[in-house]
Amino acid sequence: MDYKKYIAEKLNVEGLSKDELYDLIALPPNTEMGDYALPCFKLAKLMRKSPVMIAEDLKNSILADESVVSEKVLSEVSAVNGYLNFKINKGDFVRSTLDRIFKEGDQYGSATEGVGKTICLDYSSINIAKPFHIGHLSTTVLGGALYRIFNFLGYKTVGINHLGDYGTQFGKLISAYKRWGDKDTIEKGGIRALNELYVKFHQEAEIHPEYDDEARAYFKKIEQGDEECQALFHWFKELTLKDVQRIYDMLDIRFDSYAGESFFADKMQPVVDELKEKGLLVESRGAQVVDLEEYGMAPCMILKSDGTSLYATRDMAAAQYRKDTYDFHKCLYVVAYQQNLHFKQFFKVLELMGKEWAKDLVHVAYGMVSLEEGTMSTRKGNVIFLEDVINKCIEKAYTIIDEKNPDLENKRDVAQKVGVGAVIFGALYNNKIKDIVFSYDKVLNFDGETSVYVQYTCARANSVLQKGGIVKEYEVPELSLEEIELVKGIATFPETVAMAAEKYEPSCISRFAVDVAQKFNKFYFNCKILAAEDEKTKNFRLALTNATLQALKNAFTLLGIGIPDKM
Ligand code: ARG
């Protein structure tokens, strides 16, 4: 039961919708006061009364409501200092929460709101032959989490890796490979070897500008379908995808489509034609652009003066293709905020073209990730590969686990879950727009707001259940504050998932997990579970432990993080 919703339904405030009321209802900082509270000062202007009077009047009218009296959902309504406080009937609340969790199991928190609707998610979207570095962490894990979250809410999700596989850089790579490359070295070295070639090309082209002309010619050949150049290009692509697949496997990331920029090479002309037809293209220094001055933006370049297309042109063709192919309800682009302007521009152009679905395109922007150990510069070839960061985190996790619990079985397995989880959680804990400085010590802190803290809590819960039994049948005893707080925590999971989807913010779920783990630990240390004062209490506490574990598992599954049984 959604108690906030119940309260909103029962309250009547003229000029305020139920949804607005719902948003105003908060959790009071102090549980003694109530379980929910309506801060009436927020209504003072609207109702032209003092908060104290509003609280008093609302209290009287809600207590006069016969349905409120007979339903017994609320055990107390009080007006204190301009706050309208509600206490709910704890026994019923606890029972309905736990029973729902046991009934729904792995599906607890899921919903059907999305049934029949499709969400396209463009994430990770790597560049071929370029390092998969720490800067790709957020798009990859944010995208993966959103993919699972929307799925959980009933949507059909389409994960798209919009590969950066188009442009003169592939001509450069062919030129470099032919001049200095070696099949075996590239085959073995994968992305790293390809990137070295690319870096070398740039160094050499400074002394030999004619290499650049050669590279352009090779790119033209790829486009024209020259067999040798095409074969090399596909080989580079294959090597890159194979290399990156290792990381996707570790992070449990999947895609339904790898239609990247080159896929749209032959799908741009119709877009250009339509722009012309609608009179949106203007010439600017030889290039074809859409003027966006009226909207406070620089012009959106569609064709360069030599007639070649741009990143935006391909994105417009891709958007049209996705609409035609998937008929999406929403199409999300999980891309760093550095590209804000790009998305604003081409969304606007599509809108000006009269595509009513342009409003369903969403740029899910996020902040930068840097490593505490030092920043990186891609251009000079000194990059921090994401794979190295993950492996280092797994190694460090292993060392810690080995120290804490040398006799643990499957230490490697546990270290894998802890290490990978720490990298994912490190990127998903803060509001996504914030820049992150990644620190190994911080993400692996057993006592911090970390995944390993949550995992450790789960292992603790698991061990209690191993000893006491996996209980689903119980009676509700007299409840302690810790127990009520914990039940309240786990009860918010369904609304947390809904909010994570609405705000495109998986951090809602990470925070939920840390909050519940903290509440569980308070409960664990203050209430004896296995040595409870009587059987009824012990049984209930085991059931509560069981329900907590289920809620945490569901949360971590959505984030893509595994939970070891023992730690
Ligand atoms: N490959 C691009 C980059 O690394 C990201 C592509 C994002 N997706 C898109 N449809 N533009 O910057």
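Every number in this text was worked out from the coordinates using simple rules, so none of it is lab data. Being a predicted model, the structure only gives us computed values, none of them experimental. We place every Cβ from the backbone using ideal geometry, glycine too, and count neighbours over all the protein chains shown.
Near the amide H of His133, under 5 Å away, which other amide H atoms are found, from residues 5 or more places off or on another chain, if H is placed in the peptide plane?
Leu386
Packing-wise, with mean Cβ within 10 Å as the measure, how do 494-501, 388-395 rank, highest first?
Those peptides, ordered most packed to least, come out 494-501, 388-395.
Among Gly426, Gly367, Phe347, which residue has its Cα furthest toward the positive end of the charge dipole of region 305-448, with +1 on Lys/Arg Cβ and -1 on Asp/Glu Cβ?
Phe347
To the nearest Å, what is the center-to-center distance of region 1-21 and region 93-113, using C-alpha atoms only?
Their Cα centres are 23 Å away from one another.
Using only Cα atoms, locate the centre of region 407-482 and the centre of region 237-256, then give the distance between them in Å, rounded to an integer.
26
Report, in listed order, any pair from Lys200/Lys392; Lys267/Lys304; Lys242/Lys359 with a Cα-Cα distance greater than 25 Å.
Numbers: Lys200/Lys392 28 Å; Lys267/Lys304 17 Å; Lys242/Lys359 36 Å.
As for pairs spanning more than 25 Å Cα to Cα, those are Lys200/Lys392; Lys242/Lys359.
Would you order Ile253, Ile400 from fewest to most other beta-carbon atoms within 10 Å of each residue's own beta-carbon? Please report the intermediate quantities before stating the final value.
Numbers: Ile253 22, Ile400 17.
Exposure proxy ranking, most exposed first: Ile400, Ile253.
How long is region 1-146 along each principal axis, judged by its Cα atoms, biggest number first, in Å?
69, 40, 33
Taking the radius of gyration and the Kirkwood hydrodynamic radius from Cα positions alone, what is the Rg/Rh ratio for the chain, to two decimal places?
With Rg and the Kirkwood Rh in hand, the quotient comes to 1.04.
Can you list which of the DSSP-assigned H helices in the chain have a Cα extent of 24 Å or more along the long axis and an average Kyte-Doolittle score of at least -0.5? Don't jump to the answer; show the numbers that get you there.
Details: long enough: 183-207 (29 Å, -0.60); 227-251 (36 Å, -0.29); 386-404 (27 Å, -0.23); 411-428 (25 Å, 0.71); 451-468 (25 Å, -0.09); 507-526 (28 Å, 0.05); 535-559 (36 Å, -0.04).
Helices meeting the span and hydropathy rule in the chain are 227-251, 386-404, 411-428, 451-468, 507-526, 535-559.
What FRET efficiency comes out for the pair Ser439/Ser70, r = Cβ-Cβ distance, R0 = 41 Å, nearest 0.05?
0.15
Can you tell me what the convex hull of the Cα atoms of region 327-485 projects to on average, as an area in nm²? Intermediate values should be presented prior to the final figure.
Numbers: hull surface 64.8 nm².
Value for region 327-485: 16.2 nm².
Using a Förster distance of 35 Å, how high is the FRET efficiency between Lys392 and Glu204, based on the Cβ-Cβ distance and rounded to 0.05?
Efficiency, rounded to the nearest 0.05: 0.60.
Please flag any cysteine in the chain that has no other cysteine's Cβ under 4.7 angstrom from its own Cβ.
Cys40, Cys229, Cys300, Cys393, Cys458, Cys508, Cys527
Can you compute the modelled spin-label distance between Asp19 and Gln466, with each label point 7 Å from Cα toward Cβ, in nm?
The answer from the label model is 4.8 nm.
With n ≥ 4 as the cut-off for DSSP H runs, can you work out [θ] at 222 nm for the chain, using -39500 (n - 2.57) per run divided by the number of residues, rounded to the nearest 500?
-17500 deg cm²/dmol
Mind ordering 88-96, 145-153 by average Cβ neighbours within 10 Å, highest first?
Those peptides, ordered most packed to least, come out 145-153, 88-96.
Taking the Cβ of Glu210 as the centre, find all other residues whose Cβ is under 15 Å away and add up their charges (Lys, Arg: +1; Asp, Glu: -1).
Details: positive: Lys172, Lys178, Arg179, Arg216; negative: Glu204, Glu206, Asp212, Asp213, Glu214.
Around Glu210, the charge tally is -1.
Put +1 on the Cβ of every Lys and Arg and -1 on every Asp and Glu Cβ in the chain; which of Pro51, Leu24, Cys229 then has its Cα farthest towards the positive end of the dipole?
Pro51
Neighbouring Cβ atoms within 10 Å as the yardstick, rank Leu46, Leu98 fewest first. Don't jump to the answer; show the numbers that get you there.
On the way: Leu46 13, Leu98 23.
Ascending number of Cβ neighbours within 10 Å: Leu46, Leu98.
Would you please state which residues of region 523-559 a label at Asp106 would reach in this model, taking the label point 7 Å out along Cα→Cβ and a backbone N cut-off of under 19 Å?
546-559
Would you mind ranking Ser510, Ser17 so that the residue whose beta carbon has the fewest other beta carbons within 10 Å leads the list?
If I rank by nearby Cβ atoms, fewest first, I get Ser17, Ser510.
Take the alpha-carbon positions of region 152-231, form their convex hull, and give its projected area averaged over all directions (one quarter of the hull surface) in nm².
Averaged projected area of region 152-231's Cα convex hull equals 7.7 nm².
What number comes out for the charge environment of Ser17, summing +1 per Lys or Arg and -1 per Asp or Glu over other residues with Cβ under 15 Å away?
Around Ser17, the charge tally is 0.
Subtract the Cα-Cα distance of Glu9 and Met33 from 0.36 nm times their separation in residues, and report this length gain in nm to one decimal.
So the extension gain works out to 6.5 nm.
Using 21 Å as the Cα-Cα cut-off, could you pick out the over-long pairs in Lys5/Lys72; Lys130/Lys348; Lys72/Lys488? Display every interim value, and only then the final one.
Working: Lys5/Lys72 15 Å; Lys130/Lys348 30 Å; Lys72/Lys488 18 Å.
Correct reply: Lys130/Lys348.
In this model, which of Lys42/Lys434; Lys330/Lys432; Lys90/Lys528; Lys90/Lys536; Lys10/Lys49 are farther than 23 Å apart at the alpha-carbon?
Lys42/Lys434
Once you have the Cα-Cα distance between Gln269 and Ala336, take 0.36 nm times their residue separation minus that, and quote the gain in nm to one decimal. Please list the in-between numbers first.
Working: separation 67, 0.36 × 67 = 24.12 nm, distance 2.80 nm.
Between Gln269 and Ala336, full extension yields an extra 21.3 nm.
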